[in-house]
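Novice: Below you will find the structure I want to go over with you.
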Amino acid sequence: MLPAEAGDVDRLRRLLLKAATAGASAGVMVAGDLLQPSAVLAADWNRAAFTATGLSEAIRAAGASGSSASGGIVIKTVDIADNGAQVPVEVISNIPDSQSISIFIEKNPMPLAASLTFAGGAQARVRLQVKMAESSRVRVVVRAADGKNYHASREVKVTLGGCGT
């Protein structure tokens, strides 16, 4: 055997030992309930809020009712969307200690389009694409750390619907 080949064999042996050790360790952790993939892969979601078919019902189920109007919420989006299947929306909350942002599309079959929660100290800012069935008002509700809700809205005209129309 040539020296270069011996070095390759040693590297391969070490790699296989490391992989076997990592696999065995993961197996022991899963068996001992120390590692729970389901807790990492899926978070709880508010089924009632996301499946509500009316705006007031969705707002109530999301815990976003009783909000006050606020100029501290900035909604950046297009005035006219050529395609309702992809409407860009950016929300920036300047409300101190914002904990969550919920985005509602008033005339959609299911108005709650997104609900995002932010860790303490994180900047409450999000940019995403939403679907809009028709021209509608985009309503954003922000929850602050003190439990108060604030809202802002913006009208978006849609020329081609995106929710099956």
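The values are calculated or read from the model by the stated rules, or taken from the named source; none is laboratory data. Since we're looking at a predicted model, the values are computed, not measured. Don't worry about glycine lacking a Cβ; one is built from the backbone with ideal geometry, like all the others, and counts go over all protein chains shown.
Let's see how each residue does on (1) in a loop (DSSP other than H, G, I, E, B); (2) within 14 Å of the chain's Cα centre (by Cα):
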site: PRO109; (1), (2): yes, no
site: ALA113; (1), (2): no, yes
site: LEU116; (1), (2): no, yes
site: ALA119; (1), (2): yes, yes
site: VAL126; (1), (2): no, yes
site: GLN129; (1), (2): no, yes
site: GLU134; (1), (2): yes, no
site: GLY147; (1), (2): yes, no
site: GLU155; (1), (2): no, no
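Novice: Within region 52-73, can one find any residue that is basic (Lys, Arg), at negative phi, assigned to a helix (DSSP H, G or I) and modelled with pLDDT of 90 or more? Outline the logic, then answer.
Specialist: The initial filter retains those residues of region 52-73 that are basic (Lys, Arg), namely 60.
Next cut, at negative phi only: 60.
Keeping just the survivors that are assigned to a helix (DSSP H, G or I) gives 60.
Pick out the ones that are also modelled with pLDDT of 90 or more and you get 60.
Scanning region 52-73, I find at least one residue that is basic (Lys, Arg), at negative phi, assigned to a helix (DSSP H, G or I) and modelled with pLDDT of 90 or more, so the answer is yes.
Novice: Could you list all residues from region 137-157 that are at pLDDT 95 or above and farther than 17 Å from SER65 by Cβ?
Specialist: The answer is VAL138, ARG154, GLU155, VAL156, LYS157.
Novice: Quick check: anything in region 135-146 under 22 Å from ALA52 (Cβ atoms) and surrounded by fewer than 18 Cβ atoms within 10 Å (Cβ to Cβ)? Walk me through how you get there before you give the answer.
Specialist: Taking region 135-146 first, the residues under 22 Å from ALA52 (Cβ atoms) are 135-143.
When the remaining residues are screened for being surrounded by fewer than 18 Cβ atoms within 10 Å (Cβ to Cβ), the result is 135, 137.
There is at least one residue in region 135-146 that is under 22 Å from ALA52 (Cβ atoms) and surrounded by fewer than 18 Cβ atoms within 10 Å (Cβ to Cβ).
Novice: Let me ask something additional. Just need a number here: residues in region 25-50 that are modelled with pLDDT of 75 or more and surrounded by 10 or more Cβ atoms within 10 Å (Cβ to Cβ).
Specialist: Residues in region 25-50 being modelled with pLDDT of 75 or more and surrounded by 10 or more Cβ atoms within 10 Å (Cβ to Cβ): 4 in total.
Novice: Taking region 120-140, which residues are more than 17 Å from VAL156 (Cα to Cα) and in contact with a strand residue (DSSP E or B) (Cβ under 9 Å, 6 or more places away or on another chain)? First the steps, then the outcome.
Specialist: Applying the first criterion (more than 17 Å from VAL156 (Cα to Cα)) to region 120-140 yields 120-126.
GLY120, ALA122, GLN123, ALA124, ARG125, VAL126 - these are the residues of region 120-140 that are more than 17 Å from VAL156 (Cα to Cα) and in contact with a strand residue (DSSP E or B) (Cβ under 9 Å, 6 or more places away or on another chain).
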